Amino acid sequence: MFALIFATVLSDVWKAEVVSELKTLVSSCVVLPCKLQYPGKQLPDSRIRGIWHQQAKHDQRIYHEDSTEIADSFKGRTRLLGHLGEKNCTLEIDEVKNHDNGPFCFRAEIPSIDKYSFVESCVALSMMSAPEKPKLEQMKTLEDGVPATFKCSIRHTCPSHPPTITWSRSNSEATLSNRDILHGNWEVESLLIFIPTEKFDFTDLNCTVSFHGGLQSSVSSLIHVKRKSNTLNKGVVLQVGTTDHFSVPFCFLADVLVTFECWWCFHTHGSMRRTLQPTQVAQVVQLIQDGTSV
């Protein structure tokens with residue numbers, strides 16, 4: 001689980017807010033949310049210098065506007081996503097290594113005014129060498145010819161390069177969304193809609209998540225498709241023979257399942273109305289529906 005604790009440091013009007021711990025996938029990226037307050041009026045980006053460094057070693061910088069000041073193991077892998085003038089000090093670390101644990105702290109410098117290192121407000125990273133499995137949700141009952149909805153989702157901490165999701169049904173429609181679920185955590189989800197048929201019964205539906213950096217994770221679900229009920233609609237005409245030799249050429253059924261156990265047939269002969277029980281039905285000679293013999 002992701003830590004949901006924010007650490008806040010306040011000295012006069014210097015203040016930084018970061019997430020204290022984030023889980024991240026090795027080889028992917030991680031985005032460290034950061035909000036900044038500084039003394040005086042709002043300044044342009046060019047007037048503020050932002051630095052990220054190791055908590056224990058201030059000279060071990062993982063981000064600096066001057067790339068020569070960055071530690072060799074982080075060169076080319078970090079960048080500010082926020083604008084310091086807008087008080088956003090959010091940092092991206094790309095191509096995450098298994099030793100990028102941190103904790104990492106932000107430092108703000110306003111030349112000729114002041115500077116401050118928020119060493120009590122740092123971010124630690126918890127490494128995952130392999131991605132978690134996505135979560136697959138589906139409708140409980142799938143019916144032949146009836147549109148069905150499936151949802152595949154997974155959490156991540158790389159919103160600048162969110163994962164992509166693909167399905168094993170290439171002829172289906174899917175929509176992808178990526179939402180902020182707060183505290184540095186995001187959730188990408190794909191909604192799939194397709195029309196199942198009998199040929200999909202007892203087949204696997206696969207959802208595959210591809211992460212920035214090349215790793216993948218997948219989940220599958222065995223599909224069971226309920227076949228269409230062979231029902232008779234109102235107005236369907238049955239021509240039947242009966243065992244009681246009672247003269248009746250046709251019977252009318254209304255919304256009754258076509259099985260011998262369920263047939264109930266009513267007919268009228270003169271002023272007499274009689275119910276034919278299932279045991280009285282000897283044979284079905286012809287089914288006429290909508291004027292067509294089948």
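The values are calculated or read from the model by the stated rules, or taken from the named source; none is laboratory data. Values in this document were obtained by computation on a predicted structure and should not be read as measured data. As a convention, Cβ positions derive from the backbone with ideal geometry for all residues, glycine included, and neighbour counts pool all protein chains shown. These area figures cover heavy atoms from the full protein model, side chains too; ligands, DNA and RNA do not enter into them. Shrake-Rupley method; radii C 1.70, N 1.55, O 1.52, S 1.80 Å.
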- Task: Select from region 182-218 the residues that are outside any strand (DSSP E or B) and of a type in the set (V, I, T) and write down the one among them that is farthest from K35 (Cα to Cα).
- Result: T197
- Query: Hey, D100 hits all of (1) closer than 17 Å to H161 by Cβ; (2) open to solvent by 10 Å² or more (accessible area, probe 1.4 Å) but one; which does it fall short on?
  - Reply: (2)
- Query: Yes or no: A108 surrounded by fewer than 12 Cβ atoms within 10 Å (Cβ to Cβ) and touching a residue at least 24 places away in the same chain (Cβ under 8 Å)?
  - Reply: no
- Item | Selection status of G102, touching a Ser or Thr at 6+ places or on another chain (Cβ under 9 Å) and of a type outside the set (V, I, T) | no
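Report yes if G102 is at pLDDT below 95 and either closer than 16 Å to S117 by Cα or assigned to a strand (DSSP E or B) (or both), otherwise no.
In short, yes.
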- Item | Candidate set: region 131-173, residues that are in contact with a Phe, Trp or Tyr (Cβ under 6 Å, 6 or more places away or on another chain) and assigned to a strand (DSSP E or B); chosen: the one surrounded by the fewest Cβ atoms within 10 Å (Cβ to Cβ) | Q138
- Quick one: Q55 ticks every box in (1) more than 24 Å from I113 (Cα to Cα); (2) of a type outside the set (A, V, I, L, M, F, W, C); (3) in contact with a Cys (Cβ under 6 Å, 6 or more places away or on another chain) except a single one, so which number is it? (1)
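Counting only residues that are of a type in the set (V, I, T) and within 23 Å of H64 (Cβ to Cβ), which one in region 6-52 is modelled with the lowest pLDDT?
Here the answer is V9.
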